[in-house]
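Enquirer: Handing you this structure, nothing more for now.
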Amino acid sequence: MSPQDSTKKCHRCLQPVPPRARRCPHCGDMLKRELPNVSIFLGVLGIIVLIGIGLLLYFLPADDDSGPSNTPQQQSAPAPKKPPLN
């Protein structure tokens, strides 16, 4: 591997920069760090979270007792009153 293969270029002055440099030795500009694996990780993590939420909503039982129902209910007639036992 030649020395030029291990260098990168400054985005401002386009001069060769050592791979571990934080600043360009020619213009002094801060160099951007490359983090391609972070974006891939966040994308995969987001997909896993969405699938988990979907499975959770699919397998949770429906809560049918949460409110009044739309179907009419039959009301029974009131029970007849018994006379007092005096």
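Enquirer: Would a scan of the stretch 55-66 turn up a residue that is surrounded by 10 or more Cβ atoms within 10 Å (Cβ to Cβ), assigned to a helix (DSSP H, G or I) and modelled with pLDDT of 75 or more?
Expert: yes
Enquirer: Of all residues in the stretch 1-14, which are in a loop (DSSP other than H, G, I, E, B), at pLDDT below 90 and either touching a Lys or Arg at 6+ places or on another chain (Cβ under 7 Å) or loosely packed, with under 13 Cβ neighbours inside 10 Å (or both)?
Expert: MET1, SER2, PRO3, GLN4, ASP5, SER6, HIS11
Enquirer: Just the residues that are in a loop (DSSP other than H, G, I, E, B) and of a type outside the set (S, T, N, Q), please, taken from the stretch 15-30.
Expert: Listed by number, the residues that qualify are PRO18, PRO19, ARG20, ALA21, ARG22, CYS24, PRO25, HIS26, CYS27, GLY28, ASP29.
The values are calculated or read from the model by the stated rules, or taken from the named source; none is laboratory data. Quick caveat: nothing in here was measured; it's all calculated off a predicted structure. Quick reminder, even Gly has a Cβ in these numbers, built from the backbone with ideal geometry, and neighbours come from all protein chains shown.
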